[in-house]
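Each remark here refers to the structure printed beneath this line.
The values are calculated or read from the model by the stated rules, or taken from the named source; none is laboratory data. Worth saying up front: this structure is predicted, and the values here are computed from it rather than measured. Ideal geometry is used to build each Cβ from the backbone, glycine not excepted, and the neighbour counts take in all protein chains shown.
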Protein chains: 2
Amino acid sequence: MIRIGVDAMGGDYAPKEQVQGVMLAIKNIPDIEINLYGDETEIRKYLTNDERVHIIQSDYVIPMGEKNAIKTIKEHPNASMALALSSLRKDENDAVVSSGATQALIAGAHILVRRMPGFKRTAIAPLIPSLNKKPTILLDSGANLEIRPEHMLQQAYFAVVYAKEVLGTLNPVVGLINIGTEEGKGRDIDKEVFQLFTESKLFEFYGNVEPKSVMNPPCDILISDGFTANIVMKTIEGTAKGMGEFLKRELKSSFFGKLGAFIARKNLKNFKKSISPEEIGGALIYGLYRPVIKAQGASKAYGFYNGIRQAATIVRTGVFSKVEKYLEEIKESEPVNE
Amino acid sequence: MIRIGVDAMGGDYAPKEQVQGVMLAIKNIPDIEINLYGDETEIRKYLTNDERVHIIQSDYVIPMGEKNAIKTIKEHPNASMALALSSLRKDENDAVVSSGATQALIAGAHILVRRMPGFKRTAIAPLIPSLNKKPTILLDSGANLEIRPEHMLQQAYFAVVYAKEVLGTLNPVVGLINIGTEEGKGRDIDKEVFQLFTESKLFEFYGNVEPKSVMNPPCDILISDGFTANIVMKTIEGTAKGMGEFLKRELKSSFFGKLGAFIARKNLKNFKKSISPEEIGGALIYGLYRPVIKAQGASKAYGFYNGIRQAATIVRTGVFSKVEKYLEEIKESEPVNE
């Protein structure tokens, strides 16, 4: 059985959507059991089936807008999120899923979860929708504002293993986010990464990729430093939200707009789904001892279920042990500086 | 009369759309005359009226995908783009509009156009659509990968004058693009800019703005370094293109989708227009002696006309002399280091 720790209380619609997501997971994924961290009375309101589900009582919830993340996590070891994260160290779970406050989850992961030996810089890797293929892995979406090329090589390799094992991409290709496609474009860090990735035999490197093609990139993994990739992620989010609003407003502005939208309502719903993060799962934190998945704060049951499914797939396919094996190999052959 | 130099040969659909855009401008803007740089035979094919239009023959066109921009501009002083740019120095035009290769236009502007005295770093500022207000000015969209806070202050001030005079914004507010909204977020440069802009009395500073709100920001001007803002611009472009494709595909996938789209076709067309760069004009290069506007490479006549209209408005409202006046004032009171 794959044991998944779930923070039942984190997220805009917790614990309702989280518990309903767990119910979906229990129904659809036979080889998992769930440890649910949160307020038992609240959780039981939505629990329709307690087969393979255990509740661990927690009396504190880390607020969604938490600004002083490190302090809060340290002061509340009994918060649902903190309990879930600590369970990994105690070997009570194989993975953790939370849609709680991002900064608190990252801080908590650093403080409460052991690191993967040899992995130098953690990263956060969400999946973004792609027009003509499997979702694109975007990283580092916010953990490291400053980083060295060798650390980005480790992160890229992790993403390659993930793409192969979890997304089923046969030969994952890595692209470097940049302001131009030619070699020599960008800042010093970009030029150094271009050089290192070109020389590396670890994976296929496409070269520089402009975010003009962010929804149809010539690669499976888009990488940059934690500042840039976070800006890309948030710009995608902002543009998608803004465009959705422009479309809605325009369709509501006239009789024919409303009529057309009514007739094509199934298609518009599918459109909304195709660009929704709910459909593709949560963001994985790279570099920890075991998988921690950050589901969207606004997750509904189906989105949260997808996060659990993703966690189970990562454990089932042994992504982490494959990356660990590689890190052990390079420790001898080509040591990475701290 | 406001004299506008137009590169007739730059752009994906040149000279047809450029010349047709000029015809629209001549018809709608009574106080302009146009100097058209390009191949006279080609231009005359689309010229329906030569009132207030002069053609200056040029035998070379800088290719759209030009990679070695500086070399090309230097080797082809008689290219249509180079002739148009050089005309500013000779006081033959008050502004220049081109939809030619961006890198070549920037290189050409640096080599062939005088700089505005006291303005330390040129910047490129496109306009992006906004849900609830006038277009947002985004800068620096690609000129300076590394920059100092004092130079960004000058650029922000330029944008404030532009927003007031050209867009008619009463009290333009400046926001700093960042990965979080709280003070202290981001890289060192972001923290320094936050500090400097907070202390400055030049304009209202909103603080940090996450690109989640890029299409509905709490400010009129979004600023960052040339790498970051370029990434934001290209991510908007890529997301908009990708989402448009998702929508089209979905509507075409079923009978009801096609029917609904047919009935709401006017609304869908308006939607496309509302997010199109054609509607809002070109990107202005800040820091030159006179305005140079980069219209989209894919400009059609209407988009190119908008670029000309924008150039005329900048000249008519005296944006440049207002910025120059400020730069002269600070030269004495608070000198900006080189």
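Brief remarks on what is shown
- In segment A:207-238, the residues that are outside any helix (DSSP H, G or I) and more than 7 Å from chain B (Cβ to nearest Cβ): A:GLY207, A:ASN208, A:VAL209, A:PRO217, A:PRO218, A:CYS219, A:ASP220, A:ILE221, A:LEU222, A:ILE223, A:SER224, A:ASP225
- If you check B:ASN49, B:ASN68 for being more than 30 Å from A:ILE179 (Cα to Cα), modelled with pLDDT under 95 and out of contact with any His (no Cβ under 9 Å at 6 or more places or on another chain), only one passes: B:ASN49.
- Reported count of residues in segment B:252-268, each being over 33 Å from the mean Cα position of the chain (by Cα) and more than 10 Å from A:ILE263 (Cβ to Cβ), is 3.
- When segment B:58-69 is filtered for residues that are more than 14 Å from B:SER98 (Cβ to Cβ) and within 20 Å of the chain's Cα centre (by Cα), only B:GLY65 remains.
- Those residues of segment A:297-330 which are surrounded by fewer than 23 Cβ atoms within 10 Å (Cβ to Cβ) and assigned to a loop (DSSP other than H, G, I, E, B), in sequence order: A:GLY297, A:ALA298, A:LYS300, A:GLY318
- Per-region count, segment B:187-201, residues farther than 15 Å from B:ASP225 by Cβ and either polar (S, T, N, Q) or buried (at least 16 other Cβ atoms within 10 Å of the Cβ) (or both): 3
- Scan segment B:187-206 for residues that are in a loop (DSSP other than H, G, I, E, B) and not small (Gly, Ala, Ser) and the total you get is 4.
- Neighbours by Cβ (under 8 Å, 6+ apart or cross-chain): first from segment A:311-336, at pLDDT 85 or above; second assigned to a loop (DSSP other than H, G, I, E, B) and β-branched (Val, Ile, Thr): A:ALA312/A:ILE29
- Note on segment A:251-290: residues that are facing chain B (nearest Cβ under 8 Å), buried (at least 21 other Cβ atoms within 10 Å of the Cβ) and at pLDDT 90 or above amount to 7.
- Single unsatisfied condition, B:GLY175 versus (1) in contact (Cβ under 8 Å) with a residue 40 or more places away in the chain; (2) under 17 Å from B:PHE227 (Cα atoms); (3) within 11 Å of another protein chain (Cβ to nearest Cβ): (3)
- The single condition among (1) more than 12 Å from every other protein chain (Cβ to nearest Cβ); (2) in contact with a Pro (Cβ under 9 Å, 6 or more places away or on another chain); (3) in contact (Cβ under 8 Å) with a residue 60 or more places away in the chain; (4) of a type in the set (Gly, Ala, Ser) that B:ALA163 does not satisfy is (3).
- A:PHE227 more than 27 Å from A:SER321 (Cα to Cα), buried (at least 17 other Cβ atoms within 10 Å of the Cβ) and out of contact with any helix residue (DSSP H, G or I) (no Cβ under 6 Å at 6 or more places or on another chain): yes
- Residue-level check: of (1) surrounded by fewer than 22 Cβ atoms within 10 Å (Cβ to Cβ); (2) closer than 12 Å to A:VAL292 by Cβ; (3) among the acidic types (Asp, Glu), A:ASP94 misses just (1).
- Failed condition for A:LEU153, given (1) in contact with a Phe, Trp or Tyr (Cβ under 8 Å, 6 or more places away or on another chain); (2) at positive phi: (2)
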